[in-house]
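The values are calculated or read from the model by the stated rules, or taken from the named source; none is laboratory data. Fair warning: this is a prediction, and the values are worked out from it, not measured in the lab. Positions of Cβ are generated from backbone atoms using ideal geometry, with glycine treated the same way; all protein chains shown enter the neighbour counts. With ligands, DNA and RNA removed, areas are computed over all heavy atoms of the protein, side chains included. Shrake-Rupley method; radii C 1.70, N 1.55, O 1.52, S 1.80 Å.
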Amino acid sequence: MKKMVSIIAIFLVLFLLAFSINVYADSLDNVTTAVDKETVHPGETVKITINFGQELGAYTVDVAYDSNLLEYVSFEGGTQNDNGSRIRVVFYDETGGSNPRSSMSVTFRAKENITTSNPTELKVTANGLAGPSATPNYDDITIPITKTIMVEPSYMDYDIALNYTGDIIKNEEKDMQIVVSSSMGRSYQHTRIIATATTPKNETVKLLATDSEQLEHDIIQSGWGDDAGDPIGGKDVVKKLDVRGLFSGAGKYSITLKLIDRDNSDREIASKTFEIDVKDTASQTTPETNNNNNEIITNTENQKEPSSLPKTGASIYFIIIPIIAILLTSYIYIKNKD
């Protein structure tokens, strides 16, 4: 009886050892992923590479992606299948171990209609991992290995303009307009416009604006916008603010306008300085003078007196002949009378 129990125990141990070898696989501890860029603009490509840390004879790797932001371009390292939200790459070394692979890659392209910054993830999982000769088998990668990239447009800097027409006269309000614009502006949730000024000695300047509640604000003293800030950003963004400038005296003033980010310790987003020459009175406009040289021709030769009379159709002989005729007629008349 004891012998039978011993035999059963030995077979049980051998069975458990065999079961352990078949069920438990090795783990790939050196798998890494890398992208060739962390920020991708519309139309640009980004490649993710999976390094296994050793050579494999078989694998099935899935790379999940956001099809709203990225589109599949190409792959390397097996055969692929794209279901619109993940790329599956399958590899099997049909040579029996003489042509293993230690890495694979997938390339995506950022879509053209992106107008805001969008963080997105590429998530890698894998199964069917095996060594060059189909052994050993390795554990599946079920917890995704994640790489985060930023998909965003090519942003253009914000420009600030201070527009007005005509002269600026001391102690007279001048209608002005502040314009903040960009053909592709980075999005900010909380921004404000502030201003500083340099004036002639003992002079002051105000930039006055009226809000929706008819309250007047001097931008130089308190800035413009809600204390928490206002949003700005996007394609062909333009932000306009009507103001009235009031300058106490004549001279040269300097006004600097800034757009600041309230979410980032009032960091300067854009800045521009304007030099303004304030006058005592309005300048007199001078009518334009049209200097057309084709209308007035000065010719010194034409101004000289002629040395001889020009010949015309009436010759001097036509003057003498009538006189002679009159004299002859008079002579004949007198003679006949005698």
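At-a-glance table
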item	result
HN-Hα J in Hz across the range 188-195 - Karplus 6.51, -1.76, 1.60, θ = phi - 60°, x for Gly and Pro	10, 8, 9, 10, 9, 9, 10, 9
Added length on full extension, which subtracts the Cα-Cα distance from 0.36 nm per residue, residue 36 to residue 173	43.6 nm
In Å², nearest 10: area of residue 190 left accessible to a 1.4 Å probe	60 Å²
Whole-Hz ³J(HN,Hα) from phi, Karplus 6.51 cos²θ - 1.76 cosθ + 1.60, for the range 41-47, glycine and proline x	9, x, x, 8, 9, 9, 10
Packing-based order for 246-258, 222-234, using average beta carbon neighbours within 10 Å, highest first	246-258, 222-234
5 angstrom amide H check on residue 151, placed H, neighbours 5+ away	40, 118, 120
Between the range 82-156 and the range 259-279, the Cα center-to-center distance that results, in Å	46 Å
Packing-based ranking, highest mean first, of 77-88, 104-115 given that Cβ atoms within 10 Å are counted	104-115, 77-88
Beta bridges per DSSP with both ends in the range 146-283, % antiparallel, nearest 5	95 percent
Fully extended contour minus Cα-Cα distance, from residue 139 to residue 281, at 0.36 nm per residue	42.5 nm
FRET E, pair residue 68, residue 267, Förster distance 41 Å, beta-carbon r, rounded to 0.05	0.85
Cβ-Cβ FRET estimate between residue 230 and residue 159, R0 fixed at 25 Å, reported to 0.05	0.90
³J(HN,Hα) computed for each position of the range 218-231 - Karplus, 6.51 cos²θ - 1.76 cosθ + 1.60, integer Hz, glycine/proline x	9, 4, 5, 8, 10, x, 9, x, 4, 4, 6, x, 10, x
Distance in nm between pseudo-label sites at residue 242 and residue 47 (7 Å out along the Cβ direction from Cα)	5.7 nm
